[in-house]
Amino acid sequence: MDDKQFEKRMELLKKSYDRIEPQLDPEAVFAQIEAENTMQQAEESNTTQKPPSKWQKPAVWIASIASVLLLGVLVSSYVINPSTFVQTTEQKQEQQQKQKQEQEYDEWLSNFTKKYQEKREQMRKELDIPEKEFSEISLIQNADNEVYSLPKRKEMFLEIQSVNNDFFKGLETDILDDLQTPRELIQHIETYEDPMTIEESNYFYSIYSYRAEDIALYYSNKLAQYEKVLSQKPTSFPADLNQLIASANNQYLELLYNGESFEFKPNAVFGKDAPEYIDRLHPGVLGYFKYLATGSLLIGGELRYSIEDSATILHLYEQTLLADNSYEYNDDFNVLKGEFENTWLAIFKGTETNPIRTKTGQYKPEYMDLLAKIANGEYGEAMRETAQLILDEIKVTGQSKTLEQLTTYDIWMGILHLRKDIFMQTQDGTTSIAIDDNWIEQTKLLYNAFVYTKDDAMIDTLNPINIVSLFLYAHGVGDRDIAQKLLTDDVDINTVVQFDGMESFTALHEIGDSSLNIRATVKSAAHGVIGQQLSFKLTTVATENGGTRYLISAINN
């Protein structure tokens, strides 16, 4: 191709480019190129006798297509969609920022992993546990798994850190805190104000108990190999056993015989080496710490300790059951509740190895002395009334119907009667209670127990507040049979307006100075059906066994 032919072809390409529309149509472009080439070849045939090469047309097509595609890219970038280039820049900046954050996360993770390993090794050495066994402790496994999962959580944690600059710092603290020994946790009490609140004390116990029990379990499992020598005098213990006991004692873990075997129990509060600042804990949690230190007071239905020691421990449990309001979602509370109920029942009724009667059927003098001590409040307030009632019945008839019918439910009612969130003293010295969900649920339990036992003698143990509460619940659910049992014979249940559940009322109040008159305040929504209040007059009536009970003798609205 000579220079003249090349210039003509470039001129044709320029004409094709000038006719390109803003929105490119490839088929039209190709057709245009084909037409221009045809014209060009005709002109060439008039000026030269040399036949065209078979590669010329494809070469022109290739060059033209490449030119058009290149122009198309440029045009689409700058003319058709000018925002694409800007968006790509923003994405590139975001990608660079993300890479920088990921690099910072990797650096943080590397530094934190070193801190973790150092603290982990420090804990292992203090506890004097070989690495293989140390890594198998549940507490350590959980902490290790938390650290091992950090790389997989990079993206999620970076998102959290973007809105919370202190997240990584808090994450470090939380994980490293899991590596605190029981000794370190107890020493942490000194950082709290004196005294600690019940909420702070409960929170501390929840953290301490889990970790202390986990470490105590490890040391206890190591005792199996020393079973034969543990019953001997400590002076005959081998050196490795003495070292094990010393390591455990350093964590406020004491060696204890539980009635079946030896074990280590956390006893930082009541042990002889307890630090002075331990008294910063709220008294309301001491029952939890005592149970942690002793375990169950019963084995196979028998008391592990003397009756006096058991009753003294139960007094601590009572303080906790009265002070802790988290019982609806607190498993530790329910465990302590069960211990309280079952142990008191064993004390009152006696056990196979500690019967309360002589072989002739008489109550033992020491048992009568115990009832007197309980009734005088020596072992708390919850069981005073029950002990006094049993004591009085035995003195009069030599027998006690209350003792025969005593159940764990009756034991628990002693706690409920004392809880401050149920009974509230008013300014004039009388008692009021709020009829909230908690009180309704407790009354429901009383109702269900009455339905289950079908024993009218249960009424004998109820005070006026309980009588009215049970009546409101039974009548509210339409159980007229039980409701009628709470009325004297001259009160007709049909004269009492039928209301829709105990939820129609807001509170119960003693009227004046007498506990024999109770007023039930009605919710405003139920005024049209019930009135503003219901007033209950109660009286005592004699029972067949010579006792008395409260019954409702009049109801007025």
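The values are calculated or read from the model by the stated rules, or taken from the named source; none is laboratory data. Nothing here was measured: the structure is a model prediction, and the numbers come from that model. FYI the Cβ positions are ideal-geometry reconstructions off the backbone, even for glycines, and counts take in every protein chain you see. Remember, those area values only see protein heavy atoms, side chains included, never the ligands or the DNA or RNA. Shrake-Rupley method; radii C 1.70, N 1.55, O 1.52, S 1.80 Å.
List of remarks:
- Some residue of the stretch 168-181 being over 17 Å from residue 143 (Cα atoms), among the hydroxyl-bearing types (Ser, Thr, Tyr) and part of a helix (DSSP H, G or I): no
Residue-wise test of (1) on the phi > 0 side of the Ramachandran plot; (2) crowded, with 18+ Cβ neighbours inside 10 Å; (3) β-branched (Val, Ile, Thr).
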site	(1), (2), (3)
204	no, yes, no
207	no, no, yes
211	no, yes, no
217	no, no, no
226	no, no, no
230	no, no, no
237	no, no, no
243	no, no, no
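- Test: residue in the stretch 485-506 that is touching a Phe, Trp or Tyr at 6+ places or on another chain (Cβ under 9 Å), closer than 25 Å to residue 545 by Cα and hydroxyl-bearing (Ser, Thr, Tyr): no
- Residues in the stretch 322-332 that are surrounded by fewer than 18 Cβ atoms within 10 Å (Cβ to Cβ) and in a loop (DSSP other than H, G, I, E, B): 325, 326, 327, 328, 329, 330.
- Whichever residue in the stretch 262-321 is closer than 30 Å to residue 225 by Cβ and among the hydroxyl-bearing types (Ser, Thr, Tyr) and, among such residues, is least open to solvent (accessible area, probe 1.4 Å): 294
- Close Cβ contacts (under 6 Å, 6 or more residues apart or on different chains) running from residues in the stretch 498-510 that are on the phi > 0 side of the Ramachandran plot and among the hydroxyl-bearing types (Ser, Thr, Tyr) to residues that are modelled with pLDDT of 85 or more and in a strand (DSSP E or B) are absent.
- Within the stretch 466-481, being out of contact with any helix residue (DSSP H, G or I) (no Cβ under 8 Å at 6 or more places or on another chain) and crowded, with 23+ Cβ neighbours inside 10 Å holds for one residue alone: 468.
- Test: residue in the stretch 286-296 that is farther than 18 Å from residue 209 by Cα and not in a helix (DSSP H, G or I): no
- Hits in the stretch 403-456 (condition: among the small types (Gly, Ala, Ser) and at pLDDT 80 or above): 414, 434, 449
- With respect to being surrounded by 15 or more Cβ atoms within 10 Å (Cβ to Cβ) and in a loop (DSSP other than H, G, I, E, B), residue 251 fits the description.
- Of the set (1) surrounded by 15 or more Cβ atoms within 10 Å (Cβ to Cβ); (2) over 24 Å from residue 400 (Cα atoms), all apply to residue 335 but (1).
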